[in-house]
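Here is the structure we will look at.
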Amino acid sequence: MNPLSLLCHGDQTLPWSLGFNTAICGENKRPDRLGAKLNFRFCAVFTVAFLLGFTLPNTVQAALDFDTLTSESERQNGFVPLHWHAGEGRLYAEVTRLNAPFIYYPSLSQGVGSNDLGLDRGRLGDTQLVQFERVGSRLLLVALNTRYRASSDNPNERRAVAEAFARSVLWGFDIAAEQGGSLLIDLTDFAQRDSLGLSALLEQAGEGSYALDAQRSVINMPRSKAFPDNTEVDALVTFVGHPEGNILRTVAPDAGAITLHLHHSFVRLPDDGYTPLPYDPRAGFIDGGEGDLFYDYAAPLGEPVKRGYARRHRLEKKHPDREMSEAIEPIVYYVDSGVPEPISSALVEGASWWNQAFEAAGFIDGFQVKILPNGVDPMDVRYNVIQWVHRSTRGWSYGMSVRDPRTQEIIKGHVSLGSLRVRQDYLLAEGLLAPYKDGVDEAEAAKEIEAFALARIRQLSAHEVGHTIGLEHNFAASADDRASVMDYPHPYVTLTEDNEVDISDAYAVGIGAWDKLAIRWGYADFPDDTDAVAARAALMDELLASGLSFVADRHARAGSFDSGSGPSHSRGSLWDNSANPEAELNRIMALRRVVLDNFSEAVIRKGQSLAQIEDVLVPAYLMHRYQLQAAATVLGGRDFTYALKGDGQTPTTVIDGERQQAALEAPLAT
């Protein structure tokens, strides 16, 4: 047989050793991803190689593979270009930047639906600084260690720190093909891995032993997209196991096969125009603990090695020399388009309150809230979102963020609001008012109930957005006439002169005085000829002089590490009111007496099951429980500030004996 006919005859095997075991020209029978028809140009190259008696160089073969793969795939241009090979069901990434750091983080784009497990739609994983590194025919995705660093111009000093601490190789890829500095890698297995440790979480929750099933996991291309500064990859993954608990059975059609969506974001690093803001414990910005701190071994002697930055968005004035100016790029948040009315409008309104604080910081419309446009994926890092999360039971809402690990600059704010919260507030108002009495127009009576619930959801929207722009809880705000939306607000319900329950002032409206001062300190943009450090110090002096208190999360929650045996600050309780918690407890008990005396079938609508009365009774009966805890903090209590040497604050104050006596009597009277 003529050698040329052998080369191009598709159903014959090659009689010589080129590393192939099937024909390479004509109708190719190879079972792998190169098993498509090769064009005449490729066949000619192989023919010449055979006649000359040598094999193809690796670079030539890699280029042929690259052309084949890319010609058979659907390409998306972007930060990391994507190539979707529909025939194989494989997703390839085109890597052109080696040893160039960028941001990577995993998340859940479709969750489980159980508050107890916390695997919600929109859950974010850890943000890491990573880079691709090539070693021979392998490409490693390496997470860099940003906790230990040397802020020095000396490369040897930086190298000494880098070599002292471990890095983490997140994944190793085989280079599928390459051409002209572009490397193709198969992302499929990486995208379908258990990137959030869900198997371990389910086992720890007592739900059983689960493992990822590759046969029931695929790339989800409709949510896999490449943009100029970020690439988003989504995968449908299925965890298979033997259910042992009771949670998964309530949220999945088959508790032995849990299918959700894992999302992966590859994000270009922000430019160097952002100036990190050193963390100040007095300012009310989030203290992320060890997770946010870094160790700078280039710090001068006499200065601390352990340091931290405040979390905040980048916000700059167009005209920094003016007292009020538009922003170069305002902070814009988007409310989930899946939120129904009238809740959607309430969320927009509540989140928009923050513009009041940014106005106080000198910005005109520096903070804006809109509805997420149709077709926009809420997981897209370019959008700050307020996401509406449904669960089988009521649970917490969260304000999270994606940040540059080097500077704590917020790249994406992501709020998750539990959809059942507003219904719980509706039920709470029904218990307070017992509105459905005989002869009453129930639809008309429901308007006051709805107004109460929407007032709360506005405040909740503002609260969670506050976390995503950098602010910590301030559990002392209720003692300062509701000076911050960053407190947990207990509804301020009163009695009229006629002993009627009044819920008209249950929740505050707008941003508080503390919030404005905190945002001014964190976001003020000073003229170029101003000493920014001194100007910001002056803003801190103004904040301290305001007389407003600040008690952080870690010193208010019972059982937290920093509160030891329990909170001791008389102004730092959760879900309370008043600077005098013992007196407020007495007031709440009088209100409770009236509410319980009025409690009847009128708390539910006609046609509802009488058994539902119990659901309404519980929050009404226990309305005093948090105020009781607040009064107890006065006993043996000690107030304190986050004082720095020389700032003029009084570090600690023992609560006087007369108040402690009153605090003892108030709980005993319950």
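The figures follow:
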| item | result |
| --- | --- |
| Of the DSSP H helices in the chain, those whose Cα atoms cover at least 27 Å axially and whose Kyte score averages -1.0 or more | 442-468 |
| Stokes-Einstein D for region 220-379, Kirkwood Rh over Cα pairs, 4 °C, 1.567 mPa s (µm²/s) | 63 µm²/s |
| Dipole of the chain, positive end: most advanced residue of V381, M589, I503 [Cβ charges, Cα centre] | V381 |
| Cβ-placed point charges (K, R +1; D, E -1), dipole of region 109-180 about Cα centre in debye, nearest 20 | 100 debye |
| Sparse-neighbourhood loop sites, chymotrypsin sites (Phe, Trp or Tyr not before Pro) in region 453-558 - DSSP loop, at most 15 other Cβ within 10 angstrom | none |
| Charge dipole (region 267-384, unit charges on Cβ, about Cα centre) - positive-most of F363, P276, A351 | P276 |
| Largest-first ordering by accessible area, 1.4 Å probe, given options L170, L668 | L668, L170 |
| Solvent-accessible surface (1.4 angstrom probe) belonging to D525, in square angstrom, nearest 10 | 40 Å² |
| Two-decimal Rg to Rh for region 264-330 - Kirkwood Rh, Cα set | 1.05 |
| Under-23-angstrom lysine pairs by C-alpha in the chain, whenever the two are 8 or more apart or on separate chains | 16 |
| Local electrostatic count, F475, Cβ distance below 9 Å [Lys/Arg +1, Asp/Glu -1] | -1 |
| Per-residue HN-Hα couplings for region 358-363 [Karplus 6.51, -1.76, 1.60; θ = phi - 60°; Hz; x = Gly/Pro] | 6, 5, 4, 8, x, 10 |
| Loop-resident sites, region 456-559, for GluC sites (Glu not before Pro), counting at most 15 other Cβ within 10 Å (DSSP) | E497, E500 |
| Residue range of the chain that is longest and free of trypsin sites (Lys or Arg not before Pro) which are both DSSP loop and sparsely packed (at most 16 other C-beta within 10 Å) | 438-604 |
| Listed residues Y621, G470, F102: farthest to the positive end of the dipole of the chain (Cβ charges) | F102 |
| Debye log10 I(q)/I(0) at q = 0.12, 0.20, 0.22 Å⁻¹ for region 509-635, Cα point scatterers | -0.71, -1.11, -1.19 |
| Which of T652, T70 is most accessible, then next, and so on - probe 1.4 Å | T652, T70 |
| Measure of compaction for the chain (Cα Rg per 2.2 N^0.38 Å) | 1.17 |
| Other-chain or far-sequence residues with amide H under 5 Å of V335's (modelled H) | K370, I371, L372, I386 |
| Where only alpha carbons of region 171-298 are counted, the Rg and the Dmax (Å) | 20.2, 56 |
| Total charge dipole magnitude, the chain, about the Cα centre, Cβ charges on Lys, Arg, Asp, Glu only, Debye to nearest 20 | 1840 debye |
| Region 102-126 versus region 207-250: alpha-carbon centroid distance in Å | 11 Å |
| DSSP-loop GluC sites (Glu not before Pro) across region 149-185, with at most 14 other Cβ within 10 angstrom | E163 |
| Accessible area (Å², 1.4 Å probe, nearest 10) - E349 | 90 Å² |
| Within region 432-570: Cβ-based charge dipole about Cα centre, in debye rounded to nearest 20 (Lys, Arg +1; Asp, Glu -1) | 520 debye |
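The values are calculated or read from the model by the stated rules, or taken from the named source; none is laboratory data. The structure presented is a predicted model; accordingly, all values stated were derived computationally and were not measured. Cβ coordinates were reconstructed from backbone atoms using ideal geometry, including for glycine residues, and neighbour counts include every protein chain displayed. These accessible areas exclude ligands, DNA and RNA; they are computed on the full protein's heavy atoms, side chains included. Shrake-Rupley method; radii C 1.70, N 1.55, O 1.52, S 1.80 Å.
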